[in-house]
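None of the figures in this text is laboratory data; all of them are computed from the coordinates on show. Computed from a prediction, not measured in an experiment: that's the story for all the values here. With ideal geometry, Cβ positions are generated from the backbone for all residues, glycine too; neighbour counts draw on all protein chains shown.
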Amino acid sequence: MRIPRILFLTCLLSLLIVSMAPAQWVQTNGPVGGTISGFAVNGTNLFAAAYPGGVFVSTNNGTSWTAANNGLTNIYVNTLVVSPNGAGGTNLFAGTDGGAFLSTNNGTSWSAVNTGLTNTGVNALAFSGMNLFAGIWGGGVFLSTNNGTNWTPVNSGLTNKNVNVNCLVVKDTNLFVGTYGGGVFLSTNNGTTWTPVNSGLPNKNIVTLAAKDTNLFVGWGTLGGGAFRSTDNGTSWTAVNTGLTNTYVDSYTASGTNLFAGTTGGAVFLSTNNGTSWTAIQIGLTTTSVWALFVTPASGGSGTNLFAGTNGGGVFLSTNNGTSWSGVNTGLKAAIVTSLAVSPNGASGTNLFAGTGGGVFLSADNGGSWIAVNTGLTTAPVLALAVSGTNLFAGTYAGGVFLSTNNGASWTAINNGLLNLNIYSIACSGPNLLAGTYVGLFISSDNGSSWTVVRSVPTTAFMHGIAECLASGGSGTNLYAGTHANGVFLSTDNGVNWTAVNTGLTSLDLVTLAASGRNIFAGSSSGVVFLSTNNGTSWTAVNTGMPGAYIYKLAISPGGGGSGAYLFAGISGGGVWRRPVSELVSVRKLAGDELPSEFSLAQNYPNPFNPTTTITYSIPTAAHVQLSIYDALGRQLVTLVDEHQEPGIKRAQFDGAGLTSGVYFYRLQAGAYTETRKLLLLR
């Protein structure tokens, strides 16, 4: 992932426990969308890189999309590039958080091409002739002269080579790289040597680079700074921000005399004079954070198609140079589904609601088709959904709680008394509405018109999932809270007091709960679903999650544990999946002492964070473990773990109090295994 970006929720790929029953999850037809980080074109094939979600291809200018991920073992795709292969065909390359991949058949199949890469976080790819360059997170620049068969570092003079290379651009015979921490570097000899070219740049944390005619442009993404232009190959830079009302520039593209800039939180801007002045162009562009821009010839060769890849909202298309936009996401099942809710629809069926980074979607046919229902919902992502009678509640990140009384057709904010607007979970408990927030649990007895705090969360973790089920003997109810890194808690007095109920849980990252009758399901960040039938006294792992799945939310359709009921799962980069509840409750128990099968280092959570975050890692055999935090210049700040550890799933908490906002890195060494990841502190 190119950092810095605001992408609230991050995802884990490790499937740590294997089910002993056949997997029978079915992916629904949406909701569509997702976070799009790049585009490429080959003839009539348009490719989109999803982060996460993998690669999607469209043969009809985005009207419909198909996943093209066979062999692509990492679905966190940062960049795509197409080139001739020297034998009359073409190569399609994908740069991912797990290395570089090559497809010679338009994405039908992929193979890893990483020999020689010392770090597999590929943020950028670019061709200069037959030379393929890769910008590596934490490793500088690498060169391949044989279509990725092997790679060689080309970092002489690249003084910040141990920091992220975020972007690459070729201009004539010049190669430019944008780095995080070192600014822009220029090579005139295919990367053999590099020279910094930063005179006039106020910020050296470069997110995007673009070349147009004799001009070179840079942008800083979430760090701000606007657009800067160089007309002398980077020797000097000048601000070109007139009319650019949002200075968080993430992407550029050019078409003829038009230069387009995509921003975080401000949609797209157009300049017809090389950045001297800008005009906002966003009619119909409902998602305002634009990570990628791309231009292709329009069908028939007259005019152009302008594509915008957004953070959470998928792909948008403009055929009139940005004057108006329309979503083109059919089949693009890359949405990160962060919340789910189910309710009767009044016609002997059910309404299934899904909250995503692009808002709320509704399906009335168990996921067969979806429509967006976002009028009045001014904030996304939607992290929580709950239904009480005809009331539908949505909890958002930074926007608080919204209410709809018409199945999402319109929404109204209801935040009076809420001390924090980061809503992680919502549940209805009798006449009360409960909201789990960054600072604790809040309760409303008037459908959200007013809120009061119940008490702080039962642990230092956020209260991510809340569920209610019948108490033992059928008298009264129990309230359960799922937390990050601290498991499940039980309250029998409506949230006043809590007790941990974690026996049998092999993962304590229980970020979602769903209950029906006395069946309680808990979904984990490691992709495992747990079941308790005895009020949380003990838990059983009933199956693994969906492929590559961080399970964000679970929901059960009306009907309880009956054979016709479904358990729905909202996951990272794959939309909504479903499975009959009857299958899950009959799955036999896995061995309680089952251990992870391989070393792995998960993405920290939450990310971005302020000021604390948890790092999870797995070790299949006993080893000496060292886990350390580094700054953007590679300086070690703190060692969280330095000891011999037995096999298992481990966690460590990092407190960033006292540090400034920015990108940091964490590195795990366990025996011969080494892996590094990045984390983002936002104050």
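Structure notes:
- Compactness of the chain is given as radius of gyration and Dmax, 24.7, 78 Å, from Cα positions.
- Here the range 600-681 has an Rg and Dmax of 12.2, 36 Å, counting Cα atoms alone.
- Translational diffusion of the range 35-256, estimated by Stokes-Einstein from the Kirkwood radius over alpha carbon pairs at 37 °C in a medium of 0.692 mPa s, is 187 µm² per second.
- Cβ-derived FRET efficiency at R0 56 Å, VAL26 paired with THR238, nearest 0.05: 0.50
- What you get for the chain, charging only the Cβ of Lys and Arg (+1) and of Asp and Glu (-1), is a dipole of about 360 debye around the Cα centre.
- Dipole orientation for the range 600-681: of the candidates ALA623, GLY658, PHE609, PHE609 has the Cα lying most toward the positive pole (charges on Cβ; Lys, Arg +1; Asp, Glu -1).
- Estimated 222 nm signal from helices in the chain, with DSSP H stretches of n ≥ 4 weighted -39500 (n - 2.57), rounded to 500: 0 deg cm²/dmol
- Extended-chain gain in nm, criterion 0.36 nm per residue less alpha-carbon gap, ASP213 and THR405: 63.8 nm
- Centre-to-centre, using Cα atoms only, the range 173-191 and the range 23-79 are separated by 30 Å.
- Neighbour-count ranking [beta-carbon atoms within 10 angstrom, fewest first] of HIS644, HIS624, HIS484: HIS644, HIS624, HIS484
- Full extension of the segment from ASN497 to LEU633, taken as 0.36 nm per residue of separation minus the current Cα-Cα distance, would add 44.4 nm.
- Additional length obtainable on full extension of the chain from THR330 to ALA657, 0.36 nm per residue less Cα span: 113.4 nm
- Calculated Rg and Dmax of the range 180-265 using C-alpha coordinates, Å: 12.6, 39
- With q set to 0.21 Å⁻¹, the log10 of I(q)/I(0) for the range 335-430, from the Debye formula over equal scatterers at the Cα positions, is -0.99.
- Charge-dipole axis of the chain as Lys and Arg at +1 and Asp and Glu at -1 on Cβ define it, positive-most pick from ASN190, ALA49, GLY121: ASN190
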